[in-house]
1. Just to confirm a number: summing +1 for Lys and Arg and -1 for Asp and Glu over residues other than A:R130 whose beta-carbon lies under 9 angstrom from that of A:R130, what do you get?
2. Counting other Cβ atoms within 10 Å of each Cβ, which GluC sites (Glu not before Pro) in segment B:372-439 have at most 11 and sit in a DSSP loop?
3. Round to the nearest 0.05 the FRET efficiency obtained for B:K337 and A:E46 when R0 = 35 Å and r is the Cβ-Cβ distance.
4. Could you work out how far apart the two model spin labels at B:V34 and A:Q202 are, taking each label as a point 7 Å from the Cα in the direction of the beta carbon, and quote it in nm?
5. For segment A:106-220, what ratio Rg/Rh do Cα atoms give with a Kirkwood hydrodynamic radius?
6. List the residues of segment B:374-389 that lose 30 Å² or more of accessible area once all protein chains are present, compared with their chain alone (1.4 Å probe, heavy atoms only, no ligands or nucleic acids).
7. Taking the highest mean first, how do the peptides A:234-244, B:172-182 order by number of other beta carbon atoms within 10 angstrom per residue?
8. Between B:E429 and B:L235, what FRET efficiency comes out of the Förster formula 1/(1 + (r/R0)^6) with R0 = 51 Å and r the beta carbon distance, rounded to 0.05?
Amino acid sequence: MGKIKRKGQTGQAKNYLTRTAAVKKLQISLPDFRKLCIWKGIYPREPRNKKKVSKSATASTTFYYTKDIQYLLHEPLLNKFREQKVLEKKISRALGRGDLSDAARFERDAARPDKTGKPRYTLNHVIRERYPTFVDALRDLDDCLSMLFLFANLPSTSAVPAKMIARCERLCMEFQHYLIVSHGLRKSFLSIKGIYYQASIQGEDILWLVPYKFNQRIVGDIDFRIMGTFVEFYMTLLGFVNYRLYTGIGLKYPPKFDQTKDDMAAELGAFAIEGVNMATDPNAPKAIASGETAPTKAHGVDPKVQAAVDKIVRQLKQDDSDKAADEATAAETEVDDEDKIDDSIDKFEPVAPGGDILPQPSSGSSDPAELFSNFTFYLSRETPRQPLEFILRAFGCKRIGWDNVLGEGSFTTDESDPSITHQIVDRPVVQAVVDPEDDGEDNQTSQKLTANQRYPGRTYVQPQWVWDSVNDGELKSPELYAPGASLPPHLSPFVQTKQGQYDPTLPLDAQETEKEALDAEIGDKGEGQSGDEDEDEEEEEEEEEEGSDNDMDVGSANDDSEEEEVDDAEGGSGDEEEDSDGEEASAALQRQAELEAEISGKPVKSKQVDAKLKSKLSARKELEKKAKEEAEDLERAKGMLSKKKRKLFEQMQYTNNKKSAEDLKLRSKRRKHEKEQQAKSKA
Amino acid sequence: MPVQRSRVGNPDAPAQYNQPGRKGKKAWRKNVDVSQVVEGLDELNKQIIKGGVIAEKKSSELFTLDVVGDSALPKKFSKHVKKGLKCDEIIAQRSAVPVVPMRKRAGDKTTDGVLPVKRQRTQYITHKELTRLKKVADGHHDSTVAVVDATYDVWAEPMPTEEEVEKFNFLPEAKPLKAPDTLRQQPISLAANGKAIPAVPKPKGGHSYNPDFTDYQDRLIEESEKAVEAERKRLEAIEEERIREEARAKSAAEADAAEARAEMSEWEDDSAWEGLESGGEELTTKAKRAQRKTQAQRNKIKRRKEEERKAKHEAAMKKKAAQVEQIKQLAAEVEEKERQRALEKTEMSDGSEDDGNDFEIRRRQLGKYKLPEKDLELVLPDELQDSLRLLKPEGSLLKDRYRNMLIQGKIESRRHIPFHKEAKTTITEKWSYKDFSMD
């Protein structure tokens, strides 16, 4: 017989601690314990058998690893919490006695380490502990950035102090500046929740979500104490990440922050980025600030001194120009474009035909630093300035002007500036008759331009143009995005298309299968206009597409459908007679052609066309045969499977077929649409 | 309760005069009880001797005003009168030496004739500050750590290694603190498949402000199906509750009826007693007389019994065999089920379309409270605009982030408790008012 063991002395009972036990062991209050756990990354755990772990009669709900709690005992922050507890006691005693000034003094002094002799506690050591390497920190940056960007956009309340908001905002701006300088931003997406951004830093894809401005309602059931604790930790983390990123590309951290500019809502413009060593790289700060001339004006540099310095620097540079070429920092490449290396990334091609479409490296064909670099933008006052400014700058634009209403820091506030090449507008085209005589004095816009008037030589686009251009890595045609035009749908750049899936952005022949293409061509030749098998189904769907083309108005689809029905009635008589099977149909057609030729007494015209058709038909036959064989093989293989597995397989096949049928339908619809377009353009 | 009795008069209960009748010897004069009358006369005599009949005297001759007080009273109510308060008792024990005053006071009011300098209240604490201090004393400090600008690279320096120049070799070396392996474990995600949930799920096309029609339609249909399902469930729950309520009411009514019947039955039983029962005579049957069994009969019975026993045994054996067979089958089934589950899991794990947007939440929750529901992030068809300016953002990011933390298992879900539970108080009367006696 083995040794008799007492209950609750070994195994799970020892490995886990209830929350109450943990709090008692650490001798701190429950809120402090929560904070400590969040900072140190200690999460609630789940024992396999709760009853074996807790000894109490009532069911405990939260458990922690005993080892974790044991480790927490060595945490220097714990000391801080205990000191806080002592301070609380002191204050409450003083208050009880009525010594208010004493109480206030205790409280005041506690924040000053020189008075108490106790060190100031920071979370710096925790950062290194939780993220042993920089890459670890980058991987966890999604949550951090989303949180900080969210808090930067909150209104200040008692739960969220203004100081915290300001700090969040500053850190976020600094991070944005890094992305601007390094051109690390890859994609962005306008969703109904907020704006998604994806950046690539040191090969890590970072995705975060930024809320729209002035939209955050504070709802009741959120624990701001916990959120605040997370934010405190993330602020420290982002500070260090920013430091590392800035110093990594030779910039000084923290960047110069101009409070007066920030008060005037300059946002990104309130920061002046500087290189670490100004003498070796004098051009760096210039390139980043808004407009090339802005910083020199602001600082008021003496031109003589500047000229002298420039001369010396030029000499220095000539000496070690080859050396400078090697350490091509991002700031330098932006300025001198001569030493640009063609660092295009290899594409992954599927080995076998019909293989999966492999995810391509995310950086597009064009350099993100170049996309908007030659343009000058002007933002109308109804457009969202913050995201536009960030994205445009991150993709190389250096001159962005905007209306005075949108804040300080623009390249120009004058809408009539001749250097502007693109203007972003988001207001409807007003068809009002404007008298040329009365230039409305009361209206703000009328002092510059009357409604509907445009400056010549300038491209007017809606904001979505910027996003779609950025996501595709190329400038989209601005006609599609002209003011008042119904915009093409804004697709998510984060969705990966699968093999055979319909992708509206790709041309048709890039995505259709072999059989589909053959079918289409045969149908084309054989029947003249429409030879799709599922004709009536398509008609049903047609009305929906009609709706999507205009304005996504589902409700108003009814009026379209009436027209469609009329079309159906007209075209239906012809369609019904045609056999659905393409082969028979073409045979019948051939015979008819022959008959016609006989009657008219001419030789059969389309001899060579027929030959082509024949080859196509035979190819299709071949394909069908192959598909049949494959299906048979599959059936045989399925016979080997167990019943359950077979069921699962069939289920999978069913859903796949359903999806592919949908894709087929969409493609055929598009084919038809394109054909119509072609016919129209010909006519 | 103490017995209340008057201090004068006969203490016995009032009774009838105890002369039952005037007939017989007891009615003779010498046997008539006149003791009461004699006593009364004696009393009168005594009063006359003492100075007059009391009933004929004036009240002023009988009573005087007592100004001294009853000396016996403290003895009677010793508990209440003598003791005094406990706090007085404690205070009385204190030393006669006066206390050193802790409170800071202004100096006494006597002056030397020179006008005092106006006291400056440099240490004045505003009311707002005071309330804040009180909060701090209650443990509501806003932050215990300082968030300062990063001035160095945390990741640049090597991990701190203690290289002390001077070492005492006689002291045992302190082991470096090592973080436990459990600290590296990922938090428990609340997804049903147990996979880690991304902090920011990748948005799909349906979430776009200007979505593709098919994407939007798919999402709209999906969401509306969900909503319909939720509504159906709600209605079902209501219906179920209603049915249960009805059944409860019905059973209660039945119970009442049964009770009523039980009460009534005493009366209804009378009918039997009155001889209304029918067919009483026919029920009596003639019992067959037992006869001795022959040997053949005995043998027959024996055989039958033996056969029955055998059949029973065989049935039992058959059942047992079937059960054994069933066990095998069950085991196979369980195995198959497990394999199936494993297969599904692997299939789920290599499904690349999982981007953290929608996943099943596991049933076993972390913590006491339920996970808050996700907001419906959907722009309805009639509100859908293709202009960024006209977009009405949906959903609350604040809630979203909070929920994401819960789902990731970083914190357990909590519930906001606006008011603390207060101690229950019950009001009772003291019982001491009943402690009195009348003598």
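The values are calculated or read from the model by the stated rules, or taken from the named source; none is laboratory data. Values in this document were obtained by computation on a predicted structure and should not be read as measured data. Glycine also receives a Cβ, built like all others from the backbone with ideal geometry; neighbour counts cover every protein chain displayed. Keep in mind that these areas ignore ligands, DNA and RNA; they rest on the heavy atoms of the full protein, side chains included. Shrake-Rupley method; radii C 1.70, N 1.55, O 1.52, S 1.80 Å.
1. After counting each charged neighbour, the total is -1.
2. Loop-located and lightly packed - B:E373, B:E422, B:E429.
3. Calculated value: 0.90.
4. In this crude spin-label approximation the distance works out to 13.4 nm.
5. With Rg and the Kirkwood Rh in hand, the quotient comes to 1.05.
6. B:E377, B:P381, B:L384, B:D386, B:L388, B:R389
7. A:234-244, B:172-182
8. According to the calculation, E is roughly 0.45.
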